[in-house]
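Here's the structure, in structure tokens; my notes come after.
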Amino acid sequence: MTRPNNDNNTHRQQHTYCQSSQQPMTANILKRLSITASLCFAASLLTACQSTQPTSPLERDQSANITQIQAMARSEVISNVSYDLTFNITDEARFSASSKINFDLAHTDTPLTLDLTQAQIESFVINGKRIYPNYNGAYFKLNPALLARGNNSIEVKFNRAYNTNAGGLQRFVDPVDGKVYLHSHFAPADAQQMFAVFDQPDLKAQFTLSVNAPKDWQVISAMRETQVMDNGSSNTWVFPQSPKLSPHNFSMHAGPYRIWQDSSGKYPMRLFARQSVAEHVPHQDWFAYTKQGLAFLDDYFAIEYPFKKYDQVLVPDLPSDTTNKSAIKNAAVTTFAEEHFLHQGQMTNTQKQSLAGAIMQGVTQQWFGNLVTMKWWNELWLNESFASFMGTLALSENAEFSNVWRSFYATDKQSAYFKDSLVTAKPLQVPVAAIFDAFDSTNVFTDHKGASVLKQLRYLLGEETFRQGVNYYLSQFSYQNATLDDFINSLATVAKRDLSQWTQDWLYHAGTNTISAEYVCGNGKISEFNLLQYAASDELPTLREQKVQVGLFNQHRHGIDKEKLITVTYQGESTSVPELIGTSCPDLVYPNINDWGLSKSP
């Protein structure tokens, strides 16, 4: 996806690579690549050999666009990463900062780079030696002679412009009162627009933060500040070390925000908004829905909320290429786009449901996304889809909203049906060769279809089995990275069944199936009953396993009555339903009543 032309943005473009026979990839890297990603990369090699791009797949192309292969090679050798970050921020157009990175290195044979885009470097110190760095505006090439096997330390001092419509640290000048507000956005791989970092999700690290900010500003991050020191015209905010987080899950926001606090629940909550819009923020509703979401998910996941506090920040805008343009769910802090959640006057019930649903999704990703994080961007869709599904499930437990699943069907699911019927339909799980392709793997459609697929899977496995499987997954991989296979295998282990075919059919193939009922009646009774399944098209021939509820209706003088409701698991072209033989012949059969399945009618 190409970002808008912006002076503060790194120019992004597609790149292909030609593998050199003199520099083969290591066996353990190849072993970790999925078959689909390998095929995708191999296809690109066929068209790239005449180019002047780097001759080794491990050699970067001078841009910020790190490939999956390069990222995997980096995580092969790096471990035990921590960041000590210091920022000097004002209401001016640039900020200055220092990044100190500590990490362990397995060996110095693999080319190693450190990410930081479009910064003016003031000093660069590697293992105590100050040098003039090999820096191209996108990353540093680290001299292996200055690195050591074992522990290493790098300190970078720099200054950089804020962004206005991109990732990194964004700056907004309030047109009402001229006050300046900052908020960060790091996914995918945009932390490098704010500090020096190994910017990939599978290199989780602990973050320590210190911020020097104007006197009247608030500073918000993954941890609650432990100290605010008075420096005369400014304050220094000191934050303790965070748990292990992927770089894109970290955040920092600052400005003269209005703040509301609520400590009536199990976890302390805060809400921040610009001063000029504060009168339009129904903070009681925000806190009520957040408290409900935290309580429900604490119980559902059977794992306590993984962070020490929860903050929510209303921000004036989100980057134009943000997948979910309403909210960004960082560890212990979720940012919400004002345009979606600020209203003149009293909110309608629909607006309240939209707000509550977004809050529930933000809370969900504190577990599924921040506590456990995908290894690479090809599975970003799973985080967003799970948040959408679980947010809706949590919302359905709120008595204030009685038609939550009907709303889900009318909006999210209908969008999934429509987009999946187009020639542009694609699977949920697709290769992501490099970070600039990350947005090609997830969008509103994948969120909606993914949530619908998870809804069906919960019914297929059983609601309690699904819940226990999610708990098993989160418990196994807390503060770690995991893959789609890890998630599916966790569900399969608890369900005591093989889900490999289900995974292939639902996640690696596009299209929506059609189902219908075929039955024969004699003497007013059903003598034969089958559910028939049809492929989406000749090009999309996959048939899938689903569990649905089948409703039988008869027409009477006073209307239509439901005579029978049964649960059926079907797969293949035809599935017989012997339980209905001998039942009164219906006037109408609804083969997917109550919307368990993801299927269309003829």
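The values are calculated or read from the model by the stated rules, or taken from the named source; none is laboratory data. Nothing here was measured: the structure is a model prediction, and the numbers come from that model. Cβ: placed from backbone, ideal geometry, glycine included. Neighbour counts: every protein chain shown. Keep in mind that these areas ignore ligands, DNA and RNA; they rest on the heavy atoms of the full protein, side chains included. Shrake-Rupley method; radii C 1.70, N 1.55, O 1.52, S 1.80 Å.
How much of Tyr534 can a 1.4 Å solvent probe reach, expressed as accessible area in Å² and rounded to 10?
Answer for Tyr534: close to 100 Å² accessible.
Please state, as a whole number in µm²/s, the translational diffusion coefficient that the Stokes-Einstein equation yields for segment 404-444 at 37 °C and 0.692 mPa s, with Rh defined as the Kirkwood radius across alpha carbon pairs.
Value of D from the Cα-based Kirkwood radius: 278 µm²/s.
Any idea what the relative contact order of the chain is, in percent, if you count C-alpha pairs under 8 Å spaced at least 6 apart? Kindly include the intermediate steps, with their values, before the conclusion.
Values: 1243 pairs, mean separation 58.7, N = 602.
10 percent.
Report the paramagnetic label zone for His340: residues of segment 428-467 whose backbone N is under 18 Å from a point 7 Å from Cα along the Cα-to-Cβ axis.
From segment 428-467, the list is 439-452.
For Lys600 paired with Asp299, estimate the spin-label separation in nm (one decimal), with each label point 7 Å from Cα along the Cα-to-Cβ line.
Label-label distance for Lys600 and Asp299, simple model: 3.9 nm.
Of all the accessible heavy-atom surface of segment 518-570, with the other protein chains kept in place and a 1.4 Å probe, what percent is carbon and sulfur?
On the way: 1360 of 3040 Å².
Summing carbon and sulfur atoms, their accessible area is 45 percent of the total for segment 518-570.
Provide the FRET efficiency to the nearest 0.05 for the Cys585-Tyr409 pair, computing r from the beta carbons and using R0 = 22 Å. Show your work: numbers first, answer last.
Values: r = 29 Å, r/R0 = 1.31.
Between Cys585 and Tyr409 the formula returns 0.15.
Just subtract the alpha-carbon distance of Asp485 and Ile131 from 0.36 nm times their residue separation and send over the number in nm, one decimal.
Numbers: separation 354, 0.36 × 354 = 127.44 nm, distance 4.35 nm.
Between Asp485 and Ile131, full extension yields 123.1 nm more.
Is the shape of segment 475-573 rounded, prolate or oblate, going by the alpha carbon gyration tensor and its root eigenvalues a ≥ b ≥ c, with a/c under 1.5 for rounded and a/b larger than b/c for prolate?
Working: a/c = 3.04, a/b = 2.02, b/c = 1.50.
Verdict is prolate for segment 475-573.
Relative to the present Cα-Cα distance, how much length would full extension add between Tyr534 and Ser576 at 0.36 nm per residue of separation?
Working: separation 42, 0.36 × 42 = 15.12 nm, distance 1.51 nm.
Net length gain for the segment: 13.6 nm.
How big is the C-alpha Rg of the chain next to the rule-of-thumb value 2.2 N^0.38 Å, as a ratio? Working shown, then result.
Working: Rg = 26.2 Å, N = 602, 2.2 N^0.38 = 25.0 Å.
In units of the 2.2 N^0.38 Å rule of thumb, it is 1.05.
Might you work out the accessible area of Arg497 for me, using a 1.4 Å probe with all protein chains in place, and round it to the nearest 10 Å²?
Probe radius 1.4 Å; accessible area of Arg497 about 80 Å².
Please list Val430, Val520, Val313 from largest to smallest accessible area, probe radius 1.4 Å, with all protein chains kept in place. Could the numbers behind the result be given before it?
Values: Val430 25, Val520 70, Val313 0 Å².
Sorted descending by solvent-accessible area, the residues read Val520, Val430, Val313.
Suppose every K and R has +1 on its Cβ and every D and E has -1 on its Cβ; what is the size of the dipole of the chain about the Cα centre, in Debye to the nearest 20? Intermediate results must be reported in sequence, preceding the final value.
Numbers: 48 positive and 57 negative charges, 154 e Å.
Dipole size: approximately 740 debye.
Quick one: if the Förster radius is 56 Å, what FRET efficiency do Thr350 and Asp230 give, using the C-beta to C-beta distance and rounding to 0.05? Can you show the working numbers first?
Working: r = 46 Å, r/R0 = 0.83.
So the FRET efficiency works out to roughly 0.75.
In the full protein assembly as shown, how much of His283 is accessible to a 1.4 Å probe, in Å² to the nearest 10?
50 Å²
What trypsin sites (Lys or Arg not before Pro) in segment 537-602 are in a loop by DSSP, with at most 11 other Cβ atoms within 10 Å of the Cβ? The partial results should precede the final answer.
Values: sites: Arg544, Lys547, Arg557, Lys562, Lys564, Lys600; in loops: Arg544, Arg557.
Qualifying residues, ordered by number: Arg557.
Leaving out ligands, DNA and RNA, what percent of the accessible area of segment 410-455 is carbon and sulfur, probe 1.4 Å? The partial results should precede the final answer.
Values: 990 of 1520 Å².
Answer for segment 410-455: carbon and sulfur cover 65 percent of the accessible area.
Below 25 Å Cα-Cα, how many Lys pairs turn up in segment 92-182? Only count pairs eight or more apart in sequence, or on different chains, if you could. Spell out each step's value before the answer.
Numbers: Lys100/Lys129; Lys100/Lys141; Lys100/Lys157; Lys129/Lys141; Lys129/Lys157; Lys141/Lys157.
Summing the qualifying lysine pairs gives 6.
What whole-number value in Å² describes the accessible area per residue of segment 534-602 for a 1.4 Å probe?
Details: 3920 Å² over 69 residues.
Using a 1.4 Å probe on heavy atoms only, each residue of segment 534-602 averages 57 Å².
Compute the length gained on full extension between Asn159 and Val176: take 0.36 nm times their separation in residues and subtract their Cα-Cα distance, giving the result in nm to one decimal.
On the way: separation 17, 0.36 × 17 = 6.12 nm, distance 2.85 nm.
That works out to 3.3 nm of additional length.
If you filter segment 484-560 for GluC sites (Glu not before Pro), then keep DSSP loop positions with at most 13 other Cβ within 10 Å, what is left?
Details: sites: Glu518, Glu528, Glu539, Glu545; in loops: Glu539, Glu545.
Counting only loop positions with at most 13 other Cβ atoms within 10 Å, the GluC sites (Glu not before Pro) in segment 484-560 are Glu539.
In Å², and per residue, what accessible area does segment 375-527 have when probed at 1.4 Å with the other protein chains present?
Numbers: 5780 Å² over 153 residues.
Spelled out: the 1.4 Å probe surface of segment 375-527, per residue, equals 38 Å².
May I ask you to list, by number, the DSSP H helices of the chain whose Cα span along the axis is at least 18 Å and whose average Kyte-Doolittle hydropathy reaches -1.0 or more?
Numbers: long enough: 35-48 (20 Å, 1.81); 283-301 (27 Å, -0.51); 349-367 (28 Å, -0.57); 380-396 (24 Å, 0.88); 444-461 (26 Å, 0.14); 463-476 (20 Å, -1.12).
Qualifying helices, which must be both long enough and hydrophobic enough, are 35-48, 283-301, 349-367, 380-396, 444-461.
Mind checking the per residue accessible area of segment 169-304 for me, 1.4 Å probe, whole number of Å²? It would help to have the intermediate numbers written out before the result.
Values: 4490 Å² over 136 residues.
With all protein chains present, segment 169-304 gives 33 Å² per residue.
When the Debye formula is applied to the Cα atoms of segment 213-337, each taken as the same point scatterer, what base-10 log of I(q)/I(0) results at q = 0.19, 0.22 Å⁻¹?
Taken in order of the listed q values, log10 I(q)/I(0) reads -1.22, -1.51.
Farthest toward the dipole's positive end in the chain, which of Thr411, Tyr459, Ala254, given Cβ charges of +1 (Lys, Arg) and -1 (Asp, Glu) about the Cα centre?
Farthest along the dipole direction, towards plus: Ala254.
Among the aspartates and glutamates, select those whose C-alpha is under 13 Å from the C-alpha of Lys600, and discard any that sit fewer than 8 residues away in the same chain.
Hits, sequence-local ones excluded: Asp420.
Can you send over the carbon and sulfur percentage of the accessible area for segment 275-362, probe radius 1.4 Å, protein chains only?
Numbers: 1450 of 3140 Å².
Of the solvent-accessible surface of segment 275-362, carbon and sulfur hold 46 percent.
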